[in-house]
Structures are given as C-alpha cells and as structure tokens.
Amino acid sequence: QPILIPRSSNTDVKSNIQYHFFHHVCAQVGLLSGICLIVGTMIGSGIFISPKAVLLYSGAVGPCLLIWAACGVLSTLGALCYAELGTMITKSGGEYSYLMEAFGSLVAYLYSWTTVMVLKPSSFAIITLSFAEYASTPFYPGCTPPIVVTKCLSAAAILLIVGVNCLSVKLASYVQNFFTAAKLFIILVIVGAGIVMLAQGKTETLSNAFDGTPSSVGAIGLAFYNGLWAYDGWNQLNFITEELKDPFRNLPLAILIGIPLVSVCYVLVNVAYFTVMTTTELLLSPAVAVTFGDRVLYPLSWIVPLFVVFSTFGSANGSCFTAGRLAYVSGREGHMVKILSYISLKRYTPSPALIFNGVLSIFYIIPADINTLINYFSFAQWVFYGLTALSLIVMRFTRKELHRPVKVPIVIAGLMVLVSCYLVLAPIIDKPDLEYLYCTIFIFSGLLFYYPFIYRRVNWARKLMRPITMHLQLLMEVVPPEKTE
C-alpha cells in the first residue's frame, strides 16, 4: 500500500509532496499578480446577469447606476478592513483565520461549515448556471432556453472544470489566464461600443434616469445583494496572504488599484447597456449582453455571447481553483474531515476537496434558479462579512499587542458592520421568505457536529472515519501534505 506511508519512512516522500504542492499551488504572488487575481476573480458572470436584477429592485436607471457605484465603494471599504486583518494576521484562509483569532474555535467552525458546505459550491453553481444560460441562448433564438438544457450544460461544465483542476494545477492556471484575458477583452468591447453610442446621441433612457417607481427598503437591499454579487471576490487575496510578496505593501495597494478599476468598468458597462435598451427591454432580455451585441455589433454580434461564455467559464474555473484552500486549512485545524485536506500523490492537486465541492455544486443546480441562489448566497456571506469587520473592532481592544502595518479608521469597520446588518435584515423584514430561515437553520445545524466531533472528539467517530479515510486514500491516491519536523 504505497499511499499509506508508515511514519518511520515517510519523511522524504512527504517532504517532496509538500514541496511540489506548495511550489505549484502557492507560488509567490507580487503586486501585479495580486491585482490580476482581484480583477480576474471579480469580473465574472455577475456583470452580465446582475443588471436585470439590480434594475428590477432599484426601480429606475438612476438608482441602478448609483447602486452599482455604491457597491464599488462598499467593496473597497470592506477590502480595506481585510487589508488590516491580512497584514496583522498573516495566515491564509481569509475570514476563517480572523474569526478564529477574534472569537475562537466555534465561530470559525461555523464559518468553515457554512462556506465549505454552502457558499463555495453555491457560488460555483451560480456561475456555471450563468455560463449555461449564455452558451445555450444562441441555439434558441427568440425564446428562453429550456431549463433542462441549461442545468445539464451547467452540470457538464462543473464536471469538466473539476476534472481539469484535479488533473493539473498548471493546466488550471493556463485555463484561468486565457479566460481572464477574454473577459477583459469583452468588457473593453462593450464599453467602447457604449461610448460610440453616447457620441451618436443615444441618451433617451439615460435622460430620464430617475423616472420610475420608488423602491422599498427591502428591495434596495436585494438590489445591493445582486450588485455586490457581481463585486464578490474582493477578499480573495486574503486567502493567499502567506504566499503574497511583501503583504504589508502589496495587499493594500492591490486592493486600492484593483477594486476601483473594476467599479469603473461595471458602471461604464451598465451605461453602455442603457444606450441601446430601455428599462423594459433590458428586464425582458434573456441575456442582456447578447441583446446588446445583436443591436450594436451586427454582423459581429456573435463575439459577445462567445466571450461572455469564456468569461463565465473562467470565473467558474477560478471559483473551483480556490475552493480547496479553505477546506485544507479547516481540515488542518480539525474542523473538517481530514480527507478534504489531502492532496493527490501523482498530480499534487487537492482533488478530494475539489471533487467534494463539485458534487455539492451539482446538487445545488438541481432545484434552484440563479436569483434564488444569489439571495441565498448573499444572505449567508454578508453575515460572515459583518462578523469579520466586527472582529477587527474586537481585536483593537483584545489584541492590542498585535503589529498593525496597515491601520484603517475604526469608523470604516463600524460602517461595514452596520451595512452588513442592513443587507442581512432589510430583505427579511421586507419579504420574510423561507429561504432565509433555511439558511439560518443550516448555519446553526453545524453545532450538531461541532459538539461531539470537534469539542468532545469522541473515539467512536475516529474509529469510524479511519477505514473510510483509508479507502478513500486508496481510491483517489491522496496523502496529507503535513509538515515534517
């Protein structure tokens, strides 16, 4: 059994495995690479599917554009809080490490439980559903693609992306680089076409920007949900703090350059949409960017759905690529089953975590549509964003001895906590759907596993998991990349 290496002879092999794993996955990241990671992760399917939902909930063009700009400001403020946390606690794992330091094991566990089981796979599912919608739309002109086709294509994309990421980290990196370039190209094409339309005087929709029905407080919250979904990814650099070159300088700089750049792109893309579509036409469009391309770029309109498909596929690949990191860190801390922190003996990829994330994602695409998933995802995500901002305030008083190379005004952290509370509570008060209750129940259902398996560490659980872990190791040929003394 070459995979189950005896402790007396595993030093060289495990050291070699660990070297290759961290050499390929955790390469040194400089300032430019950090900016590209933020921009490449943020610009995905959101800007191509969220405009409809943001407009629907905001009620008019003017509030819609203001919400897009406000989402950019809010993302920047949140990322600045993360810059202080990331330079103060230089551990990978993002929110998990900060919540562990500020509130202890229980809150960190609930975060890892919710993120590994819900947030990461639901995010993956949302992006692949968007990919499937745009990929299938050209084959069904004049009507919406059948749901069965969309979901089957989404599941196929998940299987393909998981397969690529399990086979080779280098191949997954090449795929990510190619599709990042593609998404930047289509953003430039849409913005450039919008500028030409404005120069030709296409300003009818924009001239009546604030004509519309005023939205309720809860509807504005849902508009922010969908806008902030498009901005999601501003915290990704904190997941690789240990691998960032000079994090005290590069982390805040990458944030201050990358996020405003994305914000400007998003607002300009929405302005471009409104130069050729009325609010009613935009809301009725099955694929906003495709409709824009048909009206502006004909006979080359086919490049828009093609490159939007590239963009969404690249974002899905990026989501899958980073999904294993939190599972690895929480598995190392004993908050997840150990098998999720194992890596492939031959491929040096975190294949158990990737496969687990892919299987859950396929389950999430079966019952739900995109908007339901976005609301479900955002509710849980902003609970933990708020807790993370609160952890910064708490550690200002409880961990005064920690070195803080970057120190943001505590007012910003307080504002993030208040905004998070609003984004969590306003939609529930306005329209108390059952999905929010289900999400809350799921988060706290993690306590059923925490007490016996993590707090008490019952022996029968270890005896039960040992043969299961052993057989999964043999099946997938994976080993733990733990450090040797």
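Can A413 be described as of a type outside the set (S, T, Y), closer than 27 Å to R249 by Cβ and assigned to a helix (DSSP H, G or I)? For A413, the condition - of a type outside the set (S, T, Y), closer than 27 Å to R249 by Cβ and assigned to a helix (DSSP H, G or I) - is met. The residue that is most open to solvent (accessible area, probe 1.4 Å), counting only those in region 60-98 that are closer than 20 Å to T114 by Cβ and not in a helix (DSSP H, G or I), is K91. Of all residues being open to solvent by 60 Å² or more (accessible area, probe 1.4 Å) and of a type in the set (D, E) in region 194-241, which is nearest to L418 (Cα to Cα)? Just the residue, please. The residue in question is D211. Only one entry in S351, S344, S378 is under 20 Å from the mean Cα position of the chain (by Cα) and either open to solvent by 50 Å² or more (accessible area, probe 1.4 Å) or modelled with pLDDT of 85 or more (or both), namely S351. Do the conditions hold for K400, that is, is it open to solvent by 80 Å² or more (accessible area, probe 1.4 Å) and over 29 Å from T90 (Cβ atoms)? Spelling it out, it is not the case that K400 is open to solvent by 80 Å² or more (accessible area, probe 1.4 Å) and over 29 Å from T90 (Cβ atoms).
Under the condition of being among the small types (G, A, S) and either without any contact (Cβ under 8 Å) to a residue 24 or more places away in the chain or assigned to a helix (DSSP H, G or I) (or both), the residues counted in region 428-485 number 2.
Regarding region 40-49, can at least one residue be identified that is surrounded by 20 or more Cβ atoms within 10 Å (Cβ to Cβ), within 23 Å of the chain's Cα centre (by Cα) and at pLDDT 80 or above? Checked region 40-49: at least one residue is surrounded by 20 or more Cβ atoms within 10 Å (Cβ to Cβ), within 23 Å of the chain's Cα centre (by Cα) and at pLDDT 80 or above. Could you check how many residues of region 131-167 are in contact with a Ser or Thr (Cβ under 7 Å, 6 or more places away or on another chain) and of a type outside the set (A, V, I, L, M, F, W, C)? Residues in region 131-167 being in contact with a Ser or Thr (Cβ under 7 Å, 6 or more places away or on another chain) and of a type outside the set (A, V, I, L, M, F, W, C): 7 in total. For region 354-364, a tally of residues being open to solvent by 20 Å² or more (accessible area, probe 1.4 Å) and over 14 Å from C166 (Cα atoms) returns 4.
Table: residues versus (1) modelled with pLDDT of 90 or more; (2) of a type in the set (D, E, K, R); (3) open to solvent by 20 Å² or more (accessible area, probe 1.4 Å).
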site: M100; (1), (2), (3): yes, no, yes
site: Y109; (1), (2), (3): yes, no, no
site: W113; (1), (2), (3): yes, no, yes
site: M117; (1), (2), (3): no, no, yes
site: F124; (1), (2), (3): no, no, no
site: F131; (1), (2), (3): no, no, yes
site: Y140; (1), (2), (3): no, no, yes
site: V149; (1), (2), (3): yes, no, yes
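Taken over region 286-333, residues that are open to solvent by 20 Å² or more (accessible area, probe 1.4 Å) and either touching a residue at least 12 places away in the same chain (Cβ under 8 Å) or of a type in the set (V, I, T) (or both) amount to 17. Selection within region 151-174: residues that are touching a residue at least 40 places away in the same chain (Cβ under 8 Å) and within 19 Å of L306 (Cβ to Cβ). The member of this set that is surrounded by the fewest Cβ atoms within 10 Å (Cβ to Cβ) is A157.
The values are calculated or read from the model by the stated rules, or taken from the named source; none is laboratory data. As the structure is a prediction and not an experimental result, all values here were calculated from the model. Quick reminder, even Gly has a Cβ in these numbers, built from the backbone with ideal geometry, and neighbours come from all protein chains shown. Accessible surface areas use protein heavy atoms only, side chains included; no ligands, DNA or RNA. Shrake-Rupley method; radii C 1.70, N 1.55, O 1.52, S 1.80 Å.
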